[in-house]
Amino acid sequence: MVIAARKLNPSLVTEETGTVLRSLGAAFSVELGSGVVTATRAVSCLVAPLLGDRVLVAVEASGKAYVLAVLERAEEDGKTTLSVDGDLEIRTASGACSIAAQDGVQIASPGEVKVAANTLNVTALEGKVVTEKLTFMARWMLGELGKLKVIAESVDSVVSRVSQRVERSYRTVTELDQVKAHQMDYTAEEQLRMHAKNTLMTSDNLVKVDGDQIHFG
């Protein structure tokens, strides 16, 4: 009856439900009540059909068929994939857009991933960033940390000024500790101690030692 109606009315479009038999690349083989048809996925059908899914199919009188929607998934725990050909843009004219998932959210791309916003907030109990090369640029940065630990093979810093305020400072150098400066000024309120197995102090012009008491030996 459905096939006869299509022949009588060339502009007739009928809709039937059917089962996906197999994927043919850009099309699907679907078993309908009127027979097996080859149907392409309609642009509005974002959910990619899977084998065994029950789908809604529109069939033109010419025999051209389209999968309009996936009505029922063959497997209850089957994966749902939103698939489109070409570029995809999700836009809201007003309001906000949210993505929520119980077991996690993944973003993967072999190309570039960009995030652009006036304000970026990231909140997590634990964070991890793994990259082969990282470039960070900012005009101003503020960091508040309870504890900081850095492990690196080498550290190179180029700055105009370094200012630090600490209660206690400990540093251990197993090999060479070298400082080159135009001028050096060390001030200790109570005591300054320098100890070495061998100590060498040289000056091109003047060596001055001044104090109420000076002990040698």
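The values are calculated or read from the model by the stated rules, or taken from the named source; none is laboratory data. If you're wondering where the values come from, they're calculated on a predicted model, not measured in any experiment. Cβ sites come from the backbone with ideal geometry, for glycine too, and all protein chains shown count toward neighbours.
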Loosely packed, with under 10 Cβ neighbours inside 10 Å, farther than 30 Å from G104 by Cα and of a type in the set (D, E, K, R) - does that describe any residue in region 141-151? no
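Here are E89, E60, E31, E72: which of them is modelled with pLDDT of 90 or more and closer than 24 Å to S109 by Cβ?
Checking each option against the conditions leaves just E89.
Please enumerate the residues belonging to region 169-217 that are farther than 26 Å from S154 by Cβ and either of a type in the set (K, R) or surrounded by 10 or more Cβ atoms within 10 Å (Cβ to Cβ) (or both).
Going through region 169-217, the residues farther than 26 Å from S154 by Cβ turn out to be 183, 185-217.
Within region 169-217, R193, K197, K208 qualify.
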Please find, among T174, T131, the residue that is under 26 Å from A196 (Cβ atoms) and either assigned to a loop (DSSP other than H, G, I, E, B) or in contact with a strand residue (DSSP E or B) (Cβ under 7 Å, 6 or more places away or on another chain) (or both). T174
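Looking at V55, V36 in this structure, which one is under 29 Å from D87 (Cα atoms), assigned to a strand (DSSP E or B) and among the aliphatic types (A, V, I, L, M)?
Exactly one residue qualifies, and that residue is V55.
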Can you go through E89, E15, E112, E75 and tell me which one is surrounded by fewer than 16 Cβ atoms within 10 Å (Cβ to Cβ), charged (D, E, K, R) and not in a loop (DSSP other than H, G, I, E, B)? E15
Taking the conditions exactly as written (of a type in the set (S, T, N, Q) and farther than 30 Å from V105 by Cβ), does S44 satisfy them or not? no
State which residue is farthest from the chain's Cα centre (by Cα) when the search covers only region 126-177 and only residues that are of a type in the set (D, E, K, R) and over 30 Å from A188 (Cα atoms). E153
The residue that is modelled with the highest pLDDT, considering only those in region 39-52 that are of a type in the set (A, V, I, L, M) and not in a loop (DSSP other than H, G, I, E, B), is A39
A61 vs. criteria among the aliphatic types (A, V, I, L, M) and touching a helix residue (DSSP H, G or I) at 6+ places or on another chain (Cβ under 7 Å): yes
